[in-house]
Amino acid sequence: MKKLNYRTLSEIGYQGYIGEEAPERVLQFGEGNFMRAFVDDFIDQMNEKADFCAKAVLVAPIPPMPGNVDMKQILNEQEGLYTLYLRGRENEKTVERKRIISCVSRCLNAYTDFEEVMACADNPDLRFIICNTTEAGIVYDESCRFADRPASSYPGKLTQFLYRRFQKYRNEAGKGFLILACELIDDNGKELERCVLQYAGQWELGADFAEWLEKENIFCSTLVDRIVTGFPQGAAPKYNQENGYEDKAMDTGELFGFWIIEGPDSIRDEFPYEKAGLPILVTNDHKPYKQRKVRILNGAHTAMVLGAHLAGKNIVRECMEDEVIFGFFKQAVYKEIIPTLSLPNAELVSFAAAVEERFCNPYIDHALLSISLNSTAKWRARILPSIKEYQKRRHGELPPCLSASLAFYVAFYRRACNKEGGWFSAKAGGGEYRIADDEKVLKFFEEHGKDDARMLVSEVCARGDFWGEDLTLLQGMEERVYEDLAVIEEEGAYELMKRIRKEYLAVGCSGEFAEAELE
């Protein structure tokens, strides 16, 4: 079978959009599945629909590792082309969209192609730097040296690149960069800028360079949202046969995508996402949107998955197909989380509806045990703020579903045991499952495994090092969790979800929600 390249597409008479010629205007640190299914998808669509006219140079920010897939080699052999499939549910229908991405010009490696990467700084057309170097990527490492080829940290590499640009265009206004950080850390753009300025000082690159960094470059914090499932091992042969070419860089992801960029309105003039009709939003404050994602999408996961696993479910989609668990999900999101958020209600409800469809995606088997990893930190970040805000707005009343999620947490970890091969917890009806969390959390549950339910709940709630505060001081929290845990222990997690649903359907929360709203 022929390999994917421009000649092959011509020979098979491909009729879709292909942008073969365009200047390299984007430098992208990160050649992995996520960036290619998210950022490059948007660039490609802007090229087609909004005359963006840009090619992206992809840079692998880590050295090649023996045995790993060499995406640089694959992409360069395919002339930067690859097929992207976005799959999921939309308007209650299963949808699959295919697009050949043609916005990539070439792929380099920061270590084996250092000089070629640096030479990109001399390109007068280059305007955008986009990065996703994982959560650990934006760190300051004082051991980095300017003479390293390259610096080991990503901010160090970027500082080297920006200094090369400064040397070439220091006296020419408008030759700095719009820098979009996509790493999953708070204030990613601001943190990246802080690290770069720190290197500029450590390496004594001069006051003029520091001034140029701040005056000519815009470091933007961003929030990215799309589940990317990568190369479709099982479906690849079928797709290749249908397409008439072999594609080793094929990528897959969900239909949903949203990119929040914190920066000046001028970005709209340079990044024509509105003309292309893309789900991108430029704002002066990305935090309410991050809060929306963390509280609704991530919060729904954390509120539901431990109880659902105790109830015998294995993947998220199974939960959405179960009337009781789905009802619990809806109550948690629409009745307990959304009322605590600051964005307009219509935006919140629309996002929640999209989350429902994402959780039902037939192409993603999202394992509950995978989501359960590090549940202590997740509950603290995703659930506790909603509970506290709910209590504040409801005069001390506790949200039933979110409170129950702490009882599910206790039940999930209660029988923790360190064995050969890792940590496990015993199922109430026999068998066991693997658990993973901070060592002190797991040791705590192992040490308190024989405590009675009331004592255990009291000890858990009092662990300020787990939650950042003493939960026994939250009005009614300890007693509510104990009562819920008693139901779980005696009748099961599923029965607790049933009871909470009946409680809502009978009187609603504070009596103000009609039964029809929960059907």
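The values are calculated or read from the model by the stated rules, or taken from the named source; none is laboratory data. In this text, all values refer to a predicted model and were calculated from it rather than measured experimentally. Backbone-built Cβ (ideal geometry, glycine too); neighbour counts: all protein chains shown.
Just a few scattered comments:
- For ASP437, the stated conditions hold: it is closer than 16 Å to PHE408 by Cα, of a type in the set (Asp, Glu) and in a loop (DSSP other than H, G, I, E, B).
- Residues that are over 20 Å from GLY80 (Cα atoms) and among the small types (Gly, Ala, Ser) within segment 233-249 comprise GLY234, ALA235, listed in sequence order.
- All conditions in (1) more than 25 Å from GLU347 (Cβ to Cβ); (2) in a helix (DSSP H, G or I); (3) among the aliphatic types (A, V, I, L, M) hold for ALA300, with the sole exception of (1).
- Hits in segment 490-519 (condition: surrounded by fewer than 17 Cβ atoms within 10 Å (Cβ to Cβ) and either at pLDDT 95 or above or not in a helix (DSSP H, G or I) (or both)): GLU490, GLU491, GLU495, ARG499, GLY508, SER510, GLY511, GLU512, PHE513, ALA514, GLU519
- Whichever residue in segment 182-200 is touching a helix residue (DSSP H, G or I) at 6+ places or on another chain (Cβ under 7 Å) and part of a helix (DSSP H, G or I) and, among such residues, is nearest to GLU135 (Cα to Cα): LEU192
- A Cβ distance below 6 Å, combined with a sequence gap of six or more or placement on separate chains, defines the contacts here; from segment 106-126, residues that are of a type in the set (Asp, Glu) reach residues that are not in a loop (DSSP other than H, G, I, E, B) in the pairs GLU116/LEU108; ASP122/LYS168; ASP125/ARG25.
- Scan of segment 317-353 for residues that are in contact with an Asp or Glu (Cβ under 9 Å, 6 or more places away or on another chain) and over 18 Å from LEU402 (Cβ atoms), ordered by number: ARG317, MET320
- Some residue of segment 311-331 being assigned by TED's automatic domain parsing to the domain that holds LYS450 and touching a Gly at 6+ places or on another chain (Cβ under 7 Å): yes
- Among residues of segment 211-229, those that are touching a Gly at 6+ places or on another chain (Cβ under 8 Å) and either in a loop (DSSP other than H, G, I, E, B) or surrounded by fewer than 15 Cβ atoms within 10 Å (Cβ to Cβ) (or both), counted: 5
- Selected residue (criterion: nearest to LEU310 (Cα to Cα)) from residues of segment 428-442 that are touching a residue at least 24 places away in the same chain (Cβ under 8 Å) and surrounded by fewer than 17 Cβ atoms within 10 Å (Cβ to Cβ): ALA428
- For beta carbons closer than 8 Å, sequence separation of 6+ or different chains, a first residue in segment 63-88 that is over 16 Å from PHE42 (Cα atoms) and in a helix (DSSP H, G or I) and a second that is of a type outside the set (Asp, Glu) and modelled with pLDDT under 95, the qualifying pairs are LYS72/PRO64.
- Qualifying residue in segment 110-126 (condition: within 22 Å of the chain's Cα centre (by Cα), of a type in the set (A, V, I, L, M) and surrounded by fewer than 14 Cβ atoms within 10 Å (Cβ to Cβ)): no
- Residue in segment 390-411 that is part of a loop (DSSP other than H, G, I, E, B), farther than 28 Å from ILE338 by Cβ and of a type in the set (D, E, K, R) present: no
- Scan segment 10-24 for residues that are surrounded by 12 or more Cβ atoms within 10 Å (Cβ to Cβ), closer than 20 Å to CYS53 by Cα and out of contact with any strand residue (DSSP E or B) (no Cβ under 6 Å at 6 or more places or on another chain) and the total you get is 5.
- Among the candidates ARG149, ARG164, ARG99, ARG145, the residue that is at pLDDT 95 or above, surrounded by fewer than 23 Cβ atoms within 10 Å (Cβ to Cβ) and touching a Leu at 6+ places or on another chain (Cβ under 8 Å) is uniquely ARG99.
- Pair list, Cβ under 6 Å, 6 or more apart: segment 329-352 residue closer than 21 Å to GLU397 by Cβ, other residue among the polar types (S, T, N, Q) and crowded, with 20+ Cβ neighbours inside 10 Å: ILE337/SER386; THR340/SER386
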